[in-house]
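First up is the structure itself, then whatever we jot down about it.
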Amino acid sequence: MAYLEIESLGKRFGGADILHGVSLSLERGKILTLIGPSGEGKTTLLRCLNGLETPDMGVIRLNGETVFDAAAPKQRERKQTHRAFGLVFQAFHLFPQYTVLQNVMLAPSLQRRESKAELKARAMALLEKVGLTEKADSYPNTLSGGQQQRAAIARALAMEPDVLCFDEPTSALDPELTREVLNVIRLLKKEGRTMIVVTHEMAFAKEASDLVAFLKDGTVAECGTSEQLFEAPRTEALKRFLMQTE
Amino acid sequence: MLREVLISLWNGFGQSLQLFCYTLLGGLPLGLLIAFGSMSKIGPIRTFIRGVVWVIRGTPLMLQLIVIYYGPGLLGRGMNLWGGGQGGRMAAAAAAFILNYACYFSEIYRGGIESIPRGQTEAGRVLGMTKAQIFFRIKLKQVYKRILPPMGNEVITLVKDTCLARIIAIYELTYSGQAYIKSDGLLWPLLLTGVFYLAFSGLLSVLLKREEKRLAYFE
Ligand SMILES: Nc1ncnc2c1ncn2[C@@H]1O[C@H](COP(=O)(O)OP(=O)(O)OP(=O)(O)O)[C@@H](O)[C@H]1O
Ligand SMILES: [Mg+2]
């Protein structure tokens with residue numbers, strides 16, 4: 001059994017089937033990229049994983065444990081000692097009234113599992129990893145978009161999620177800043193983090209992913225290694241999509 | 001004479017200030033409760049609270065003062081909810097002012113809360129924060145910053161509104177100035193009350209501006 005198993009996940013918004021029968025599995029330490037045309041449910045899938053939406057159907061299993069089961073949706077609400085999933089948003093959503101360091105420390109500090117000093121050391125190490133040591137005491141509105149996104153990544157990492165999800169983490173950024181953020185994701189891959197990345201950066205998807213899933217009409221139309229999908233697409237839809245994004 | 005007038009106005013100002021403080025102490029938290037009620041997921045509660053706010057905001061404060069002060073006594077014969085004397089009148093005035101201002105405050109709170117982008121809540125949820133943590137640790141300060149200017153306006157209006165309490169015979173500032181027209185045929189004590197009002201609202205404006213500056217560091 002794979003580390004992460006998503007089994008026939010379905011989500012409906014007011015009668016419209018946005019996701020149906022989405023099944024994916026991912027090994028620990030691997031990176032999965034989700035590609036596909038706009039409005040096909042990529043964001044919705046990440047939101048379902050992260051508990052921002054409740055799927056109408058399906059099961060999510062992590063490390064052999066059921067994290068979510070549509071047959072018993074209330075179970076997700078039980079208190080977790082650590083996070084199964086983390087999410088980095090397209091628009092960062094940093095907390096503006098807190099410094100970068102405070103942003104990183106806020107959520108873990110509420111869990112009271114470590115001392116302030118330990119937490120601060122851990123947060124500073126995360127900031128170093130994303131290259132923001134100097135900005136620890138700056139407020140988000142003084143940072144560039146790339147810096148904000150890297151701060152958001154550090155904030156998500158501070159909760160030590162098993163699987164870190166990114167929803168188009170660079171689509172609000174210009175190329176220079178995009179590179180900074182993608183480099184951080186590459187670094188995390190080297191560390192062996194399990195990640196799911198929704199992206200329109202095809203070059204990045206090609207180069208960095210262990211697994212690529214093409215989402216079309218609310219379901220996984222094609223899934224495989226990046227060679228399989230980019231060099232030898234099987235479906236017409238994927239061929240067309242790749243042509244357009246070239 | 002000036003000394004006598006000043007002492008009298010000072011006492012009147014004391015009454016006004018008391019009412020002002022009671023209104024803020026009671027109205028600010030009650031307003032937040034009403035705001036939550038008006039955003040409740042439970043339909044009947046929401047409708048009821050919004051109805052009350054609509055009535056209170058749509059009728060004069062002076063009318064509410066009179067009803068709240070005299071109403072209980074007229075309803076239950078001999079019922080004396082407010083107690084006698086100046087203390088009872090102040091209690092009734094405070095009740096009316098708190099209710100009235102809480103309704104205005106609640107609309108400001110609600111606007112402020114609803115103006116915070118959804119992404120803030122979602123970022124908190126994804127980090128495993130509870131609803132209460134998200135409100136108090138993330139949204140409250142942002143709401144505070146956003147509502148400070150409109151709240152400031154309400155508070156300055158309140159300074160001047162305290163003079164309505166005279167309708168139930170509270171010896172507030174305006175009342176104590178006007179008394180000299182009848183007793184001594186003097187107008188200047190009344191004009192002097194204006195200086196009190198100006199000084200007080202001026203001081204509040206300065207404090208509010210300072211608070212706005214203090215919060216300018218974000219967004
Ligand atoms: N809360 C919601 N209520 C109703 N419809 C929704 C909601 N959220 C998403 N949808 C719809 O679901 C569909 C999929 O949206 P989603 O944001 O998941 O697509 P996406 O693949 O992430 O697209 P993009 O590449 O543009 O980000 C869209 O048609 C959208 O309008
Ligand atoms: Mg999306």
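Just so it is clear, none of the values below were taken in a lab; they were calculated from the coordinates. Only a predicted model underlies this, so the values are computations on that prediction, with no experimental measurement involved. Heads up, the Cβs are rebuilt from the backbone with ideal geometry, glycines too, and the neighbour counts pull from every protein chain shown.
Quick notes on this structure:
- Considering the range A:19-163 at the alpha-carbon level, its Rg and Dmax are found to be 16.7, 48 Å.
- Fewest-first ordering of B:I116, A:I185 by other beta carbons within 10 Å of each residue's beta carbon gives B:I116, A:I185.
- Eigen-decomposition of the gyration tensor built on the alpha-carbon atoms of the protein assembly as shown gives equivalent ellipsoid semi-axes of 60, 25, 18 angstrom, largest listed first.
- In terms of surrounding Cβ atoms within a 10 Å radius of their Cβ, A:R112, A:R12 rank from fewest to most as A:R112, A:R12.
- Cα-only radius of gyration and Dmax that characterise the range A:82-186, units Å: 12.8, 39
- Over chain B, DSSP H runs of length four or greater, each weighted -39,500 (n - 2.57), average out per residue to a 222 nm ellipticity of -26500 deg cm²/dmol.
- Inter-centroid distance (Cα atoms) of the range A:158-196 relative to the range A:87-104, Å: 15 Å
- For chain A, share of DSSP beta bridges that run antiparallel, in % to the nearest 5: 55 percent
- Of all DSSP beta bridges in the protein assembly as shown, antiparallel share, percent nearest 5: 55 percent
- Cα pair distances in chain A, grouped into 5 Å bins until the bin that holds the longest one, percent each: 1, 6, 14, 17, 19, 17, 13, 8, 4, 1, 0, 0
- Kirkwood-Stokes translational diffusion coefficient of the range B:2-218, alpha-carbon pairs, 20 °C, 1.002 mPa s, µm²/s: 110 µm²/s
- For chain B, the membrane-span-like helices by this rule, meaning whole DSSP H stretches whose C-alpha atoms cover at least 24 Å of axis and whose Kyte-Doolittle mean is 0.0 or above, are B:2-38, B:85-114, B:188-214; this says nothing about an actual membrane.
- Distance violations [Cα-Cα > 18 Å] among A:K129/A:K189; A:K190/A:K216; A:K116/B:K139: A:K190/A:K216; A:K116/B:K139
- Each DSSP beta bridge with both residues in the range A:104-229 is either parallel or antiparallel, and the antiparallel ones are about 50%.
- Taking the fewest neighbouring Cβ atoms within 10 Å as the starting point, the ordered list for A:R179, A:R155 is A:R179, A:R155.
- GNM on chain A, alpha-carbon springs under 10 angstrom: the most fluctuating residue among A:V67, A:V88, A:V163 is A:V67.
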